[in-house]
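Quick notes on the structure that follows.
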Amino acid sequence: MIKIGIIGAMNIEVYKFCKYIKNIKFKRFLNFKIYIGNWDKIKVFLLQTNIGKVNSAISTSLLIKKYKINIIINIGYAGSISKKININDIILSKNTAYYDTNINLIDNCKKYKLNKSNYLNLNIKLIKCFEICMNKIKINYKKGLIISGDYFINSNIFINNIKKLFPNAIAIDMESASISHVCYLFNIPCVIIKSISDIAGNNSDKFFKKNINNIPFNIPEIINIFFTIYIYKNFFYLS
């Protein structure tokens, strides 16, 4: 049976998937919540990582090792840092990067760089599958770079400095890069799909708290299409 991990940081992101899962069982390891059950004929492991890079890296690693996961889908909310990306837009990540990490000047650490740009590339085949699914149900989406760090950005000055370093970035969060980094190291296909909750900058925290309770969250519908019409035909192709 195919085992798929669906990963979100917060309860408000994760619980919206529970209604799709049958025979659901709740477990906890360390300080992380996990819901295990069946979605159609697929074994699903719905993980709440809690906020931040360390939490998401540890919990994703445990999930992969303990349950032998085949594919990871990282879902949730993110902030826009592009004028072309608006609240409630769906973002499909092409790659990720840490905006609060820089080892470029340390000579003996250069061998740990992932590639020339130090970006983490997502699984191209899996991205294509999700594009097909979203086009099928006519959901508009944008593709691009998501950057991650352990700050909730609430300052225009801070975000403008980050945008100078990552001019191509379209969204920002606190977990995407660490989750994709773990999947890269474990060689697990990974896709990241986020809903824009706020525009990063001044007062973004107020808009975030307001919007996550009011804007539609249609990522579960997208994943349901992926599971019901696409995964079986393409699983080995994805791997």
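The values are calculated or read from the model by the stated rules, or taken from the named source; none is laboratory data. Since we're looking at a predicted model, the values are computed, not measured. Cβ sites come from the backbone with ideal geometry, for glycine too, and all protein chains shown count toward neighbours. For accessibility, only protein heavy atoms count, side chains too; no ligands or nucleic acids. Shrake-Rupley method; radii C 1.70, N 1.55, O 1.52, S 1.80 Å.
Highest mean first, what order results for 132-140, 56-64, 192-200 on Cβ atoms within 10 Å?
On the way: 132-140: 13.3, 56-64: 21.9, 192-200: 24.7.
Ranking, from highest mean packing down: 192-200, 56-64, 132-140.
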Inset, instruction - Please give the per residue accessible area of the range 1-65, computed with a probe of 1.4 Å over protein heavy atoms only, in Å². - result: 46
Inset, instruction - Give the long-range amide H neighbours of Ser155: residues separated by 5 or more places, or on another chain, with amide H under 5 Å away, using H modelled in the peptide plane at 1.01 Å from N. - result: Gly201, Asn202
Inset, instruction - Beta carbons within 10 angstrom, averaged per residue: use that to sort the peptides 79-90, 156-167, highest first. - result: 79-90, 156-167
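Within the set of other residues whose C-beta is less than 12 Å from the C-beta of Ile127, count the net charge using Lys and Arg as +1 and Asp and Glu as -1. Mind dumping the intermediate values first?
Working: positive: Lys94, Lys125, Lys128, Lys143; negative: Glu131.
Taking every Cβ under 12 Å from that of Ile127, the sum is +3.
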Legend entry - Entries of Lys25/Lys94; Lys68/Lys128; Lys16/Lys65; Lys16/Lys128; Lys16/Lys84 with Cα pairs more than 30 Å apart: Lys25/Lys94
Legend entry - Amide H within-cut-off set for Ile6, under 5 Å, with H built and near neighbours excluded: Phe45, Leu46, Leu47, Ile73
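Once the Cβ-Cβ distance between Phe158 and Asn11 is put in as r, and R0 is 22 Å, what FRET efficiency do you end up with, to the nearest 0.05?
Values: r = 27 Å, r/R0 = 1.22.
After rounding to 0.05, the efficiency reads 0.25.
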Legend entry - Distance in nm between pseudo-label sites at Asn218 and Cys18 (7 Å out along the Cβ direction from Cα): 2.5
